[in-house]
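Values in this text are rule-based calculations from the coordinates and carry no lab data. If you're wondering where the values come from, they're calculated on a predicted model, not measured in any experiment. Methodologically, a virtual Cβ is constructed for each residue, glycine included, from the backbone with ideal geometry; neighbour enumeration extends over all protein chains shown.
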Amino acid sequence: MSVSQSAPETGLPNQPIIDKVYFPKLAVKCVGRLVFRSQVARDVACLLDVDPDIASWSCMATTLSVGIEAHVPDFTVTTASGSTVLIDAPDRRPGVSPAAIAEAALFDNRTFRIFDVAELEHGHRLANAKDLLRYGNHRAPLGDRVRLLAALEEYGSLTVSECLTVFKETAPMAGLAALALHGYIEIELDEGPIGPETTVRRVRR
């Protein structure tokens, strides 16, 4: 879902008005409602979901006081190490400077950054993340998970096509995507579109 505001991003933040759905509809690390300001913000969230250094994220969940203004970052992110990072998508045009927002975040022991547009445009990661998130509501049964992890333990890495032959209890691609999205395995996302020869490795938890 997206949000629109009835006034510019200055002063106290207005109540969001839900007016549009942005795709994909599913997410795996989001805490709370999926409420996106724009498609660019939705794309950023896709990359947050496949970043192993991020534990969870929330949409528009933090209000910062920046002088006499207020700013609600697109995302409040908790990293795997437990720190909090506030992130705006690169299309955001706030009524206050990024430096002032960063200073306000530091006052609350948080950091702030604008997501680099190059991360959205470079390579195949975003498209692959969207493909995986189509299966965001799936779970791999225990038997399939154990069989695949055992095979990866034995061989070190496998291709996607080899991994699919392991699944007996659920739809193979859905099971593989679920294990990747929940951090059990790593699928190569940057070199090209996910295909039969894409490399899969086990993640040490």
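A few points about this structure:
- Relative contact order [Cα under 8 Å, 6+ residues apart], segment 34-79, whole percent: 37 percent
- Cβ-based charge dipole, the chain, positive-most Cα from Ala80, Ala27, Thr199: Ala27
- Under-5 Å amide H pairs with Val66, H placed in peptide plane, nonlocal only: His71
- Under the criterion of Cα pairs below 8 Å and six or more residues apart, the relative contact order for the chain equals 17 percent.
- Distances between placed amide hydrogens fall under 5 Å for Ser56 paired with Thr78, all partners being 5 or more residues away or on another chain.
- Lysine pair count for the chain [Cα-Cα under 22 Å; pairs on different chains or 8 or more apart]: 4
- Residue-span extension gain [Glu197 to Ala151] - 0.36 nm each, minus C-alpha spacing: 14.9 nm
- Highest mobility in the GNM of the chain, judged by mean-square fluctuation with C-alpha springs under 10 Å and restricted to Ala177, Ala89, Ala118, is found for Ala118.
- CD proxy at 222 nm, helix term only [per DSSP H run n ≥ 4: -39500 (n - 2.57); per residue of the chain; nearest 500]: -9000 deg cm²/dmol
- Karplus-derived HN-Hα couplings along segment 140-147 (A = 6.51, B = -1.76, C = 1.60, θ = phi - 60°), whole Hz, x at Gly and Pro: 7, x, 4, x, 5, 4, 5, 4
- Per-residue 3J(HN,Hα) values for segment 173-182, derived from phi via the Karplus relation 6.51 cos²θ - 1.76 cosθ + 1.60 with θ = phi - 60°, read 5, 5, x, 5, 4, 4, 5, 5, 5, 9 Hz in sequence order (x marks Gly and Pro).
- For segment 3-121, relative contact order (Cα pairs under 8 Å, six or more residues apart, normalised by length) works out to 22 percent.
- Our summary of shape: the Cα atoms of segment 3-121 have principal axis extents of 36, 34, 27 Å, ordered from largest down, in whole angstrom.
- Residue-span extension gain [His124 to Leu26] - 0.36 nm each, minus C-alpha spacing: 33.4 nm
- Set against the 2.2 N^0.38 Å expectation for a compact globular protein, segment 103-198 has a Cα radius of gyration ratio of 1.35.
- Counting 0.36 nm for each residue step from His182 to Thr79 and taking away their Cα separation leaves a gain of 35.6 nm.
- Here is the tail figure for the chain: Cα pairs spaced more than 29 Å apart come to 31 percent of all pairs.
- Label point distance in nm, Glu169-Arg139, each placed 7 Å from Cα along Cα→Cβ: 1.1 nm
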